[in-house]
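Peer 1: Sharing a structure, written as structure tokens. Questions coming.
The values are calculated or read from the model by the stated rules, or taken from the named source; none is laboratory data. Fair warning: this is a prediction, and the values are worked out from it, not measured in the lab. Cβ coordinates were reconstructed from backbone atoms using ideal geometry, including for glycine residues, and neighbour counts include every protein chain displayed.
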């Protein structure tokens, strides 16, 4: 059975049983407490907690509330990067899932899973695991009895580490699980969301019980197609054809996995950088670029661009946002930058007798060599280098950088949600507040002139100027810069009031206020708005403040420079007079 047929069979199975099909959410989650989407349930967290109504949002063609939701969710797990190359680990993968928010619970969830696995796919269940219980949560005897009624005899009770899932992020829905094993491999994890775990680890019963299931698509296809590992399935067939067989099997698998991850991250708006999602993308890209360059003058050379184009072509029908031109454009820009320093970095690596965390970080900082490449190229020299020690060195460097910034500004830093305000005196603080409010106006003006694809990528404000980074795929024209500048000054002349309201984060998101997706926000946030009311405001953003009380206090706004700082990210510097 082809992977395409398995994919459609899963959606059809649940659709005919009263579920609505929901498209995959982005790899960049709405939840700021997590870096990337790692599970299918993340887009549904607010339905499990009751903050959003499933009955209102998920309806059948007849108009009646749906029994549940079914998805095929694209996911990315950074914890598996170092294991990629074995038989089962991936960074990018797809997760099949069916979800219920009060429509059904354990009995139907287990019966659906049993029917789909044994009848639709013709697989034999080896054994089942259920939660054995602990001091906080009782043993899941109900699930055990349901499985027994279906004829399953091998049912194993396991502890919290294996059979209690969640939450995603720092807090959220969670509960006991029951897992299905086929040929000794866990293929389906069925979570019964009965509790809410807060950031302190305390459990409270949810008002409405829910079902959250996850079935790794690649693992499932491996079992259905009777393959020995995920890379032998038809999901990787076309990609691996573009990678020379002469390369080691582990390298071929890494390249195939990373090509998928790169294409999907870029298509969801991630750009290579040294922070957060961009850092993950850059690690993948540079690993592939290095292997390509090492083999450039050999018979077993390959084209990384061909790999990315193949991924885009293979998945285009299921994920229409995979844009081949965008993917290859970002790739070429990063490749051009990195290959200039790669050769020097490899020469420096050759000079070293051994590689420890200090020298490894220096190679990364000076030449961009990722940890993975250092380990792969010289395994003997780097045999004592561990990911843990490398990450500690990375963190130590960040601490030194922060300390230097604080010293530079006399220790008078005021960190806000929109960026970092720096002022060393009361007089400087007044100027900073004016620039801070001007930055909010700038953000709103950019979106009005250039469109909603503009997204904040960082800001930095000193008494001398504001610096605002934003995502945008092309150069901004002088005419557009003038429109943005004029629009900001127009709002300053209108002398609009600047106020804020404090709301629960979920309510604040519904107001349409802008927020910085990389920022981790508390459960209650301030929304600063420019205008008479929050509803009619011209500008509104999540922000910790402080700001001026009216825009007329800002002064004349002038954009002094606009430039590109990385692929798809641009920077504006602006000043105010007097």
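Here is a yes/no grid of residues against (1) touching a helix residue (DSSP H, G or I) at 6+ places or on another chain (Cβ under 8 Å); (2) over 24 Å from residue 315 (Cα atoms):
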residue	(1), (2)
17	yes, yes
35	yes, no
40	no, no
78	yes, no
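Peer 1: Looking at (1) closer than 23 Å to residue 397 by Cα; (2) in a helix (DSSP H, G or I); (3) at pLDDT 90 or above, which one does residue 335 not meet, given that it meets all the others?
Peer 2: Every condition holds for residue 335 apart from (1).
Peer 1: Also, I was wondering about something else. Given the condition farther than 24 Å from residue 228 by Cα and surrounded by fewer than 21 Cβ atoms within 10 Å (Cβ to Cβ), answer yes or no: does some residue in segment 113-126 qualify? If you could, list the steps in order and put the result at the bottom.
Peer 2: Taking segment 113-126 and keeping what is farther than 24 Å from residue 228 by Cα, we get 115.
Next cut, surrounded by fewer than 21 Cβ atoms within 10 Å (Cβ to Cβ) only: 115.
Yes.
Peer 1: Only one residue in 15, 23 is surrounded by fewer than 18 Cβ atoms within 10 Å (Cβ to Cβ) and modelled with pLDDT of 95 or more, so which one is that? Lay out the reasoning, then the answer.
Peer 2: On the way: 23 fails: modelled with pLDDT of 95 or more.
One residue alone meets the criteria, 15.
Peer 1: I've got another one for you. Considering only segment 332-358, state which residues are surrounded by 20 or more Cβ atoms within 10 Å (Cβ to Cβ) and under 16 Å from residue 391 (Cα atoms).
Peer 2: Within segment 332-358, 355, 357 qualify.
Peer 1: Within segment 365-393, work out how many residues are assigned to a helix (DSSP H, G or I) and more than 20 Å from residue 254 (Cα to Cα).
Peer 2: First, the residues of segment 365-393 that are assigned to a helix (DSSP H, G or I): 365-367, 371-377, 387-393.
Of the ones still in play, those that are also more than 20 Å from residue 254 (Cα to Cα) are 365-367, 388-393.
Of the residues in that region, 9 qualify.
Peer 1: What number of residues within segment 41-86 satisfy the criterion of being within 22 Å of the chain's Cα centre (by Cα), surrounded by 14 or more Cβ atoms within 10 Å (Cβ to Cβ) and either in a helix (DSSP H, G or I) or outside the structural domain of residue 25 (by TED's automatic domain parsing) (or both)?
Peer 2: 12
Peer 1: Continuing with this model, one more query. Within segment 133-149, how many residues are in a loop (DSSP other than H, G, I, E, B) and closer than 19 Å to residue 211 by Cα? Before the answer, list the steps.
Peer 2: Here is the first cut: in segment 133-149, the residues in a loop (DSSP other than H, G, I, E, B) are 133-140.
Retained after the next criterion (residues that are closer than 19 Å to residue 211 by Cα): 133, 137-140.
The total comes to 5.
Peer 1: For segment 380-389, check the following and say yes or no: at least one residue is under 19 Å from residue 281 (Cα atoms), under 26 Å from the mean Cα position of the chain (by Cα) and surrounded by 13 or more Cβ atoms within 10 Å (Cβ to Cβ).
Peer 2: Taking every residue of segment 380-389 in turn, at least one turns out to be under 19 Å from residue 281 (Cα atoms), under 26 Å from the mean Cα position of the chain (by Cα) and surrounded by 13 or more Cβ atoms within 10 Å (Cβ to Cβ).
Peer 1: Now for a separate question. Condition first: touching a helix residue (DSSP H, G or I) at 6+ places or on another chain (Cβ under 6 Å), surrounded by 20 or more Cβ atoms within 10 Å (Cβ to Cβ) and at pLDDT 95 or above. Now tell me which residues in segment 143-175 satisfy that.
Peer 2: Of everything in segment 143-175, those that are touching a helix residue (DSSP H, G or I) at 6+ places or on another chain (Cβ under 6 Å), surrounded by 20 or more Cβ atoms within 10 Å (Cβ to Cβ) and at pLDDT 95 or above turn out to be 143, 146.
Peer 1: Does residue 302 count as under 17 Å from residue 255 (Cβ atoms) and touching a helix residue (DSSP H, G or I) at 6+ places or on another chain (Cβ under 8 Å)? Don't jump to the end; show me each part of the working.
Peer 2: Numbers: under 17 Å from residue 255 (Cβ atoms): yes; touching a helix residue (DSSP H, G or I) at 6+ places or on another chain (Cβ under 8 Å): yes.
For residue 302, the condition - under 17 Å from residue 255 (Cβ atoms) and touching a helix residue (DSSP H, G or I) at 6+ places or on another chain (Cβ under 8 Å) - is met.
Peer 1: Moving on. When segment 59-79 is examined, which residues are found to be under 15 Å from residue 283 (Cβ atoms) and in contact with a strand residue (DSSP E or B) (Cβ under 9 Å, 6 or more places away or on another chain)?
Peer 2: 76, 77
Peer 1: Tally up the residues in segment 456-486 that are farther than 23 Å from residue 330 by Cα and either touching a residue at least 12 places away in the same chain (Cβ under 8 Å) or surrounded by 19 or more Cβ atoms within 10 Å (Cβ to Cβ) (or both), please. Don't jump to the end; show me each part of the working.
Peer 2: Let us first name the residues in segment 456-486 that are farther than 23 Å from residue 330 by Cα, namely 460-467, 478-486.
Next, from what is left, pick out any that are either touching a residue at least 12 places away in the same chain (Cβ under 8 Å) or surrounded by 19 or more Cβ atoms within 10 Å (Cβ to Cβ) (or both): 460-467, 480-481, 483-485.
Within segment 456-486, residues that are farther than 23 Å from residue 330 by Cα and either touching a residue at least 12 places away in the same chain (Cβ under 8 Å) or surrounded by 19 or more Cβ atoms within 10 Å (Cβ to Cβ) (or both) number 13.
Peer 1: While we're on this one: I'd like to check which helices (runs of 4 or more DSSP H) are fully inside segment 215-325 and have at least 2 residues that are in the same structural domain as residue 70 (by TED's automatic domain parsing) and touching a strand residue (DSSP E or B) at 6+ places or on another chain (Cβ under 9 Å). Please lay out each step first, then the result.
Peer 2: Numbers: elements: 217-224, 234-240, 249-267, 276-294, 304-315.
By residue number, 217-224.
Peer 1: For segment 127-142: of the residues being under 32 Å from the mean Cα position of the chain (by Cα) and within 22 Å of residue 115 (Cα to Cα), which is surrounded by the fewest Cβ atoms within 10 Å (Cβ to Cβ)?
Peer 2: My answer is 129.
Peer 1: Also, quick follow-up: Of everything in segment 502-513, what is crowded, with 18+ Cβ neighbours inside 10 Å and touching a residue at least 40 places away in the same chain (Cβ under 8 Å)? Give them in sequence order.
Peer 2: Selection gives 509 alone.
Peer 1: Then there's this: Being over 18 Å from residue 142 (Cα atoms) and part of a helix (DSSP H, G or I) is the filter here; which residues of segment 96-118 pass it?
Peer 2: 115, 116, 117, 118
Peer 1: Take segment 415-455 and flag every residue that is modelled with pLDDT under 90, buried (at least 18 other Cβ atoms within 10 Å of the Cβ) and under 20 Å from residue 491 (Cα atoms).
Peer 2: Hits for segment 415-455 are 418, 431, 432, 433.
Peer 1: Same structure, new question: Looking only at segment 191-213, count how many residues are assigned to a strand (DSSP E or B) and surrounded by 13 or more Cβ atoms within 10 Å (Cβ to Cβ). Let's see the steps before the verdict.
Peer 2: From segment 191-213, those assigned to a strand (DSSP E or B) are 191-197, 203-213; that's our starting set.
Retained after the next criterion (residues that are surrounded by 13 or more Cβ atoms within 10 Å (Cβ to Cβ)): 191-197, 203, 206, 208-213.
So the count comes out to 15.
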